[in-house]
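Beneath this line is the structure, given in structure tokens, with notes to follow.
Taken together, the values in this text are just the output of simple stated rules run on the coordinates, not laboratory data. Treat the numbers as computed from the prediction; the structure is a model and nothing was measured. With ideal geometry, Cβ positions are generated from the backbone for all residues, glycine too; neighbour counts draw on all protein chains shown.
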Amino acid sequence: MSNVKTLEGAVKTEEGIAVNGVLLSPIVDKCDTCDRIREFEDQKFCSSYPNPARKWAAGRCNFATHMKAEAGGSAKVNPLKASKRAARGR
């Protein structure tokens, strides 16, 4: 993978990989083609979030560069404002 960069300043400790005092967990399968992946000693980590599995637990990771953002479209509309706009011709 040419887009995978190495982690600068990472240190292997008893607890795991530490960068600037923050412990990092390896990426999950869903992170596979993300641009934020960094490599350290043949393991891959996220450069934006220390625990990628936690980000994907609620559905979609908001840091994922390989996924398209979904359009809102289902926003609530105030019926009073909608009727006023319709009366003005908007």
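Shape analysis of the stretch 5-66 yields a ratio of the Cα radius of gyration to the Kirkwood radius, Rg/Rh, of 0.95. The number of Lys pairs in the chain with C-alpha atoms less than 19 Å apart, excluding pairs fewer than 8 positions apart on the same chain, is 9.
Amide H to amide H, with H built 1.01 Å from N, Tyr49 comes under 5 Å of no residue 5 or more places away or on another chain.
Given R₀ = 30 Å, FRET efficiency for Val77-Leu23 by Cβ-Cβ distance, to 0.05? Before the final figure, lay out the partial values.
Numbers: r = 45 Å, r/R0 = 1.51.
The computed FRET efficiency comes out at 0.10.
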